[in-house]
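Beneath this line is the structure, given in structure tokens, with notes to follow.
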Amino acid sequence: MIVSEFIAGLAALALAGAMASTAGRRLLVRRYRNGARIREYLIIVLGGLGLAATTFSVIHPHPHIDAAVVPAALVLVLTLAIFTLLNTRIAPPQATSPKRVLAIGAHPDDLELACGATLARLVDTGHEVHAIVLSHGAQGGDASTRPAEAQRAADFLGLASITVHDLPDTNFELVPNELVRLIEAAIAETNPQVIFTHSQHDQHQDHHAVHLATLRAARQHHSILCFESPSTTREFNPDVFIDVEDYTEVKVASVLTHRNQAGKPYMTPEVVRGITAFRGRQAKRTHAEGFEAVRLLVTESGVL
């Protein structure tokens with residue numbers, strides 16, 4: 001056995017395992033442009049190197065070659081990885097006046113699908129982002145797992161808090177007063193400068209109910225933006241766009257956190273990327289998310 005080769009192989013395998021872990025996903029995909037691809041390459045290269053090194057160090061050692069080649073290869077891979085990461089870190093300009101934001105969704109995964117990239121960008125620029133979800137999504141999936149998926153997605157995006165309520169999925173119209181009360185309570189607790197919610201141009205009854213309830217609960221609020229979900233109609237007409245070029249893959253990863261919904265056609269990376277590319281073209285950017293402004297106070301537009 002070549003000890004140096006064996007140790008280098010174990011180190012490579014350990015690093016591949018770290019990249020494959022939840023912490024590795026959060027570090028690379030959340031913090032670096034093309035982080036998902038970088039992570040995939042590192043897992044493959046480090047895993048392959050580690051497996052080959054540990055195997056050959058035992059069954060077919062070459063004392064004059066392997067003792068130096070494998071550690072050198074590991075150092076080379078890590079050097080290239082560090083160089084790549086130093087040049088691809090997501091680092092938007094910091095807000096001069098950080099504010100609080102409240103995002104309101106009807107079901108787990110609504111916020112990630114509609115404005116996950118924007119929420120991540122707001123977090124990274126220094127704003128305090130809170131979220132509430134009004135149901136467990138029992139009619140569209142497994143209510144025993146979906147709230148936990150929403151919490152994991154919020155942790156991944158970096159939200160300050162998320163609260164998942166348990167109103168009757170697909171039947172929000174049966175509890176209109178409770179719906180308004182929960183949103184009013186969230187507004188009172190977080191005191192946000194900007195509120196994100198569903199659009200009136202949405203054919204899902206719960207989404208439309210949340211839109212109306214938000215307008216009632218935030219009737220005295222000055223800045224409300226409505227986001228685009230997979231069930232918005234052709235009447236959805238955004239007049240506010242947020243550049244999310246560095247955050248499209250972050251959005252994709254946050255959507256994929258909702259594994260219970262993996263079979264839904266609108267949950268695929270291709271669809272998510274396509275929507276941000278389409279809105280980006282409208283905004284004369286590469287990728288963007290679009291919003292309809294109910295109203296937006298000019299002094300609060302810096303939060304975007």
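The values are calculated or read from the model by the stated rules, or taken from the named source; none is laboratory data. What you see is a predicted model, and the numbers here were worked out from it, not measured in a lab. FYI the Cβ positions are ideal-geometry reconstructions off the backbone, even for glycines, and counts take in every protein chain you see. Just so you know, the surface numbers come from the protein's heavy atoms only, side chains and all, with ligands and any DNA or RNA stripped out. Shrake-Rupley method; radii C 1.70, N 1.55, O 1.52, S 1.80 Å.
So the values come out like this:
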| quantity | calculated |
| --- | --- |
| Ile82 versus Val240: modelled label distance in nm, points set 7 Å from Cα along the beta carbon direction | 4.3 nm |
| Cα gyration tensor category, rounded, prolate or oblate, for region 233-282 with a/c compared to 1.5 | oblate |
| 16 Å reach of a label modelled at Val69, 7 Å along Cα-to-Cβ, counting backbone N of region 1-42 | 1-9 |
| Estimated dipole of the chain in Debye, rounded to 20 [Cβ of Lys and Arg +1, of Asp and Glu -1, Cα centre] | 660 debye |
| Simple Cβ-charge dipole of region 154-304, Lys/Arg +1 and Asp/Glu -1, about Cα centre, in debye nearest 20 | 320 debye |
| Calculated FRET efficiency for the pair Ala185/Ala20, C-beta based, R₀ 35 Å, to 0.05 | 0.30 |
| Net length gained if the chain between Ala262 and Arg89 were fully extended (0.36 nm per residue, minus Cα distance) | 59.4 nm |
| Kyte-Doolittle mean at least -1.0, axial Cα span of 27 Å or more - DSSP H helices of the chain | 35-59, 66-86 |
| For region 207-300: rounded, prolate or oblate by the Cα gyration tensor [a/c cutoff 1.5] | oblate |
| Loop chymotrypsin sites (Phe, Trp or Tyr not before Pro), region 225-304, which have at most 11 other Cβ atoms in a 10 Å radius of their Cβ (DSSP) | none |
| Residue-normalised accessible area of the chain, given per residue in Å² at a 1.4 Å probe | 47 Å² |
| Among Phe83, Ser97, Phe56 the positive-end extreme of the charge dipole of region 35-124 (Cβ point charges) | Ser97 |
| Lys, Arg +1 and Asp, Glu -1 on Cβ, resulting dipole of region 84-190 about Cα centre, debye, nearest 20 | 520 debye |
| Positive-end residue, the chain charge dipole about Cα centroid, Cβ charges, pick of Ala160, Ala283, Gly263 | Ala283 |
| Rounded to 5, the percent of DSSP beta bridges in the chain classed as antiparallel | 35 percent |
| For region 140-215: rounded, prolate or oblate by the Cα gyration tensor [a/c cutoff 1.5] | oblate |
| Placed amide H near Val164: partners under 5 Å, 5+ positions off or other chain | Val133 |
| For the chain, radius of gyration divided by Kirkwood radius, i.e. Rg to Rh on alpha-carbons | 1.09 |
| Gyration tensor (Cα) of region 1-157, equivalent ellipsoid semi-axes in angstrom | 42, 20, 9 |
| The chain: relative contact order in percent, alpha carbon pairs under 8 Å with at least 6 residues between | 18 percent |
| 10 Å Cβ shell holding at most 10 others, DSSP loop, trypsin sites (Lys or Arg not before Pro): longest site-free stretch of the chain | 1-218 |
| Separation in nanometres of the label points that stand 7 Å from Cα toward Cβ, at Ala160 and Arg273 | 3.4 nm |
